[in-house]
Structure formats: structure tokens, C-alpha cells
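Notes follow once the structure below has been shown.
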Amino acid sequence: MGEITNVMEYQAIAKQKLPKMAYDYYASGAEDEWTLQENREAFSRILFRPRILIDVSKIDMTTTVLGFKISMPIMVAPTAMQKMAHPDGEYATARAAAAAGTIMTLSSWATSSVEEVASTGPGIRFFQLYVYKDRKVVEQLVGRAERAGFKAIALTVDTPRLGRREADIKNRFVLPPHLTLKNFEGLDLGKWTSYGHSLMEFCVRPEHEQAADSGLASYVAGQVDRTLSWKDVKWLQTITTMPILVKGVLTAEDTRLAVANGAAGIIVSNHGARQLDYVPATISALEEVVKAARGQIPVFLDGGVRRGTDVFKALALGAAGVFVGRPVVFSLAAAGEAGVSNVLRMLRDEFELTMALSGCTSLADITRNHVITESDRLRAMPSRL
Ligand code: FNR
């Protein structure tokens, strides 16, 4: 293996190392994967307007997220089932994020529990929540996350049903039998018999499902609450004191509703292009959301962030920080904790360099004037009418 010089190189290594079913689960997007490609391409259409002759000998990338000081505006997105990538799974990710001085978001569908991740040592961690039909399960899960020291909930709102990921359908995606969704172990699941087996066994019993489908899609259809609405965002605030980030907002309308319903922040996300295909790239939707939030709550972004320049572009368009998904799982597959640490280091170094070459010494220096978007260019074109 030659020297790794950017985070994207981990994908090819992961593809070589992982069983096809696992790699496809991590890599794939929904249907035509138009949004998957667009999440990257939209970044490439944003150009810089760098400032020169500014003393950039000292650069401060630190920031504060929901009151927590972190070393850089680059955080770890929740990605499910990390032990499929590497035996250390979420433990490795938690350690790498803590060592980098940034936030890790743990998936509801992690293969390590909130308590196990907390036991890896200090670190600021958020818990990603899928809301189950059985609200007792939700209450217990949220309570456990809070007791384990998690600092915020990232409520995923773009998954009333699972998007069609055709590779997973073809592979009849299932979790390897030695792994379980650890957060559901030991919960009161007495009533949970609608699928004839426990929450944790869904993935190893594909033969129980009637539809020819990905095991995960069937699981979501059985367990996740499709009736989820804004009133549940209010309800969540009654069962926890943790602030709630609404993850999966793409429009100004929903931004205003998120503010009105007490969200502490918004994550502009299209779930890594795994849910509704043909939604815009998150970087294209960001400004609309930022404007609608009117500075009342912070707006974050995930989706397609692979370069320090991407981080800078997101911040210039108003994001308070970004989250990365696939680079974490691919580097985990390639090299465990060291791989995730390397991804966070490379993104950090590239971001620092971008700041220097744009004439910015702190995050506050990064402005809208440092980038030019496609719509800026269209607006600047003389009208032919
Ligand atoms: C995800 N994502 C996700 N989101 C969530 O809210 N809960 C989850 O359990 C998962 N699981 C998950 C697994 C895998 C393999 C991927 C790739 C993604 C979405 C994730 O949090 C984030 O929105 C995207 O991954 C961001 O896009 P990039 O960085 O992967 O392009």
C-alpha cells in the first residue's frame, strides 16, 4: 500500500478488504445514485475568492458546538454497524474522534452500545436517534445515552422508510451473525414481537421476511415509526434535557418549523444520498437553510465532504461545522483507529491550508465573499431578455 495522501483513497482499500455485502452497504446510495454523485460534484462547482497578503502564520480552527469547544469544525457523522468494517468498530472511531478533539455521533444502529462507547474514555459524543414505534424503547435509549454522558441527540428525520439501495436489495443485506445492534440489548422488548423475533436478530434472520428486500429495509418497515412528526420533536424535549439537532433538513420551510419546534440546531443532510434520490446536494441546499434559520440556531452540513476545501466552502456558505460519514467507515475498514485518525488529520490539515491560502486566520474570518457559487455566476450574467 503506497502512502495515503487524501481521504478518498481509503475507499478503494476498503473495497478490497471488505466482503462485498459490507462494502456495498457502506458505499451505496439510493436508486440511480444521482444525488450521491451530485453531493461531490456540487462542491466542485464552488470556487474561491482568496484574499492575499494577510498574516497567516497562526491559524485557529477551534470552534464551539452547542457550547462544547472542539479543535476544528469537522465532526464524525453517525454511520451504522461499524464492526462490520473493523472488529474495533465504534470503539476505534470514538477514540480517534476524542484524540482529534472533535465530536463523534454514535448511530442508534451501532454494533457497540452507548455504554461501551462511553467506556472508551473522555470525549464529546452525540447520539443519533431513530424513533421506534415503541416509544418505551425510545425513552430507554435516550435515557441511557444521557446517563452515559452523551451531550446531544441528532434526530434523523429523513428515514420514515428506508431508501432503495439496490446493491443491498441484490445482496439481501444482513448483519453478520456475530454482530448485533448493541443499543437494543437489554431493553424492555417484551411487546416487540410483531416480526416474530427480537430487535437484535433482524439481520440474521432474513428468511423471516416475506419481501425480497434488504434485511435492513424490512427491519425499518417493521420498527421505525412512519408517523413521526413535529409534535414528536416536542415530545422528545419532554423526555430529555439533551439539545436536539434535526438531521435531514433540506428546505427553508422545514428550517422554520425546526426553529419553531425547539430544535437546538439543524443538520443539512440527505443521509449521504441513501434516502430520496434526486434531492439536491447538501452544499447546494445549505444557503437556503442558513437564510431561513436567521442565525437563531446553528446549521451544520454533511454529505460529500472529502476535502479541506469542502469544509471551507460549507463554512463560507454559513455552516457552523460539517460531519463526515463514509471516509470514517472506509478508513476504519482499511486501518482501524489509525485510519480514522488519519482521515481526521488529513481533513484538518487540508482545511488549515485552505484557510491560509484564502487569507483566513480564524473561522470568523471565513465569509460569503470567499466563495463564488453557480448561482452567483448566473446572477452575474447579463440578461438576454
Ligand atoms: C449513514 N448515515 C446514517 N445516518 C443516520 O442518521 N443514522 C445511521 O445509522 C446512519 N448510518 C449510515 C451508514 C452508512 C454506511 C452511511 C454511508 C451513512 C448517514 C450519515 O450520518 C451521513 O448523513 C452521511 O454519511 C454523510 O455523507 P458522506 O459523508 O457519507 O458523504
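Over all Cα atoms in region 1-159, the spread is summed up by Rg and Dmax: 18.3, 59 Å.
DSSP assigns beta bridges within the chain; of those with both partners inside it, close to 20 percent run antiparallel. Tally Lys and Arg at +1 and Asp and Glu at -1 over the other residues with C-beta under 10 Å from the C-beta of PHE43: what net charge comes out? Value of the local net charge: +2.
In whole percent, how big is the carbon plus sulfur part of the accessible area of the chain, probe 1.4 Å, protein atoms only?
53
A Gaussian network model of the chain, with springs between Cα atoms under 10 Å, assigns the largest mean-square fluctuation among HIS370, HIS178, HIS271 to HIS178.
Orientation-averaged projection of the chain equals 20.2 nm² [convex hull of Cα atoms, one quarter of hull surface area]. Report, to the nearest 10°, how far helix 326-358 tilts away from the longest principal axis of the Cα atoms in the chain, using its own Cα long axis and a range of 0 to 90°. So the helix axis and the longest Cα principal axis differ by about 20 degrees. Radius of gyration over Kirkwood radius for region 68-134, both on Cα atoms: the Rg/Rh ratio is 0.97.
The mean of 1/r over all distinct Cα pairs in region 227-298, once inverted, gives the Kirkwood hydrodynamic radius of 12.6 Å. In the chain, helical runs assigned H by DSSP with n ≥ 4 each contribute -39500 (n - 2.57); averaged across all residues and rounded to the nearest 500, the mean residue ellipticity at 222 nm is -12000 deg cm²/dmol. Average accessible surface for the chain: 42 Å² per residue, computed with a 1.4 Å probe over protein heavy atoms with every protein chain in place. Each residue of region 255-261 was assigned a 3J(HN,Hα) from its phi angle through the Karplus expression (A = 6.51, B = -1.76, C = 1.60, θ = phi - 60°), giving 5, 4, 5, 4, 4, 5, 9 Hz with x at Gly and Pro.
Across region 1-74, Cα-Cα pairs more than 15 Å apart make up 77 percent of the total. What angle do you read, to the nearest 10 degrees and between 0 and 90, between the alpha-carbon axis of helix 34-44 and the longest principal axis of the chain? Around 30 degrees separate the two axes. Sorting the segments 25-37, 313-325, 92-104, 221-233 by their mean number of nearby beta carbons within 10 angstrom, highest to lowest, gives 313-325, 92-104, 25-37, 221-233. Each Lys and Arg adds +1 at its Cβ and each Asp and Glu adds -1 at its Cβ; summed about the Cα centre, the chain shows a dipole of about 560 debye. For the listed peptides 50-63, 74-87, a ranking on the average number of other beta carbons within 10 Å per residue, highest first, reads 74-87, 50-63.
The values are calculated or read from the model by the stated rules, or taken from the named source; none is laboratory data. Here the structure is a predicted model, which means the values were calculated and not measured. Cβ: placed from backbone, ideal geometry, glycine included. Neighbour counts: every protein chain shown. Just so you know, the surface numbers come from the protein's heavy atoms only, side chains and all, with ligands and any DNA or RNA stripped out. Shrake-Rupley method; radii C 1.70, N 1.55, O 1.52, S 1.80 Å.
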